[in-house]
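Enquirer: Below you will find the structure I want to go over with you.
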Amino acid sequence: MISQFEKNLLSDTRNLTLLYLHTNHLTMISANTFIPQTLVRLDISNNPFVCDCSLTWFLNWLQTTNVITSPSNETRCSQASFKVLVNLPLEEFHPGDFCGINTPLISGLTSGSVLVILLGFLIYRKRWWLKYKIFLLKLFVLGYHQQEEDQADEYEYQLNIMCHDDDDDWVHGVLRPALEERMPHLQRVAYGDEAFRATMYYIDAVHHIIENSYKTVLLLSNHCADDAWFITKVRVALEHVNDTGLDKVLLVFLEDIPDERLPYLVRLFLSRDRPNLLWTEDHDGQDLFWAYFEKCMRTNPQINHALPI
């Protein structure tokens, strides 16, 4: 007896008109099974067909063709069929009543999508906390990979802060107290123009303080984007990076600056993957900020290429 009907079993019988498969062990006819268009009569009676969704295509085919199935009432649904269809004639099985939208699948996809959205939202809200923990993990696994110069005590200034006059409030209200609390070993810090020597011309004072500082931090905001003197400080600082071959400059963004307002030298600096930080009001973001700031103060890595300024 036949228990399986191969898809291509009738591929060489294109002129077949009568097909008798009665009293076999057929439980299904696979989708896309080749059935000759010349077929007129099909006898599938007394086969234990499983009336489930896998038989949908075959029943649809029967409804759209002129093939006669006889005797149709002797083809009944087996015990493996949907419970309400067991022992009922095959012609009473209407797939549309049982095989509509896959509700469990749709529900699963919907729940999964909602979960992904919520997870994405949570990751966004906690992005600074995650970055901070990843940063600490990298330090734990890799340690501090110090390169080249790490002798800050040999300089007149351990740290040089350059900013626009309008950002002095942030420097003295946020940055200075944080440095005194978190990095008390930094005793020689130049805060803005107040550290410039009065006996020097302004541009000479800029060169002097950059060349005699272990690390220069440039504070960027919308105030300084169009300030010619601040851009001059950026240019001198980047020239010093090229001259020494060391990453002695750290950019700190106090706020988001539109790309079209970013000075050319700043965009050039960023395009070379130079160190930079963004100040944020988020508590976890500030933890990451200070952790990275402290790491940058530990060493001046050697650069692989000069900045074309």
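The values are calculated or read from the model by the stated rules, or taken from the named source; none is laboratory data. Everything numeric here is computed off the predicted structure, so don't read it as measured data. Neighbour counts run over all protein chains shown; Cβ positions are idealised from the backbone, glycine included. Surface accessibility is based on the protein's heavy atoms, side chains included, excluding ligands, DNA and RNA. Shrake-Rupley method; radii C 1.70, N 1.55, O 1.52, S 1.80 Å.
Enquirer: Does ILE161 count as free of Cβ contacts under 8 Å to residues at least 40 places away in the same chain and among the β-branched types (Val, Ile, Thr)?
Expert: No, not satisfied.
Enquirer: When only residues in region 90-130 that are at pLDDT below 80 and surrounded by 12 or more Cβ atoms within 10 Å (Cβ to Cβ) count, which is nearest to the chain's Cα centre (by Cα)?
Expert: Filtering region 90-130 for residues that are at pLDDT below 80 and surrounded by 12 or more Cβ atoms within 10 Å (Cβ to Cβ), the one nearest to the chain's Cα centre (by Cα) comes out as TRP128.
Enquirer: While we're on this one: So, in region 134-159, exactly how many residues are surrounded by 13 or more Cβ atoms within 10 Å (Cβ to Cβ), within 18 Å of TRP290 (Cβ to Cβ) and modelled with pLDDT of 80 or more?
Expert: 2
Enquirer: Now, a different point. Could you list, in sequence order, all residues of region 18-56 that are over 19 Å from ASN8 (Cβ atoms), loosely packed, with under 15 Cβ neighbours inside 10 Å and either hydroxyl-bearing (Ser, Thr, Tyr) or at pLDDT below 85 (or both)?
Expert: Correct list: TYR20, THR23.
Enquirer: Quick one: how many residues across region 250-267 are assigned to a helix (DSSP H, G or I), open to solvent by 20 Å² or more (accessible area, probe 1.4 Å) and over 16 Å from VAL206 (Cβ atoms)?
Expert: Qualifying residue count, region 250-267: 5.
Enquirer: Looking at region 261-284, I want the residues that are more than 14 Å from TRP129 (Cα to Cα) and have a partner that is at pLDDT 85 or above and among the hydroxyl-bearing types (Ser, Thr, Tyr) with Cβ atoms under 7 Å, at least 6 apart or on another chain. Which pairs are those?
Expert: So the pair list comes out as LEU277/TYR292.
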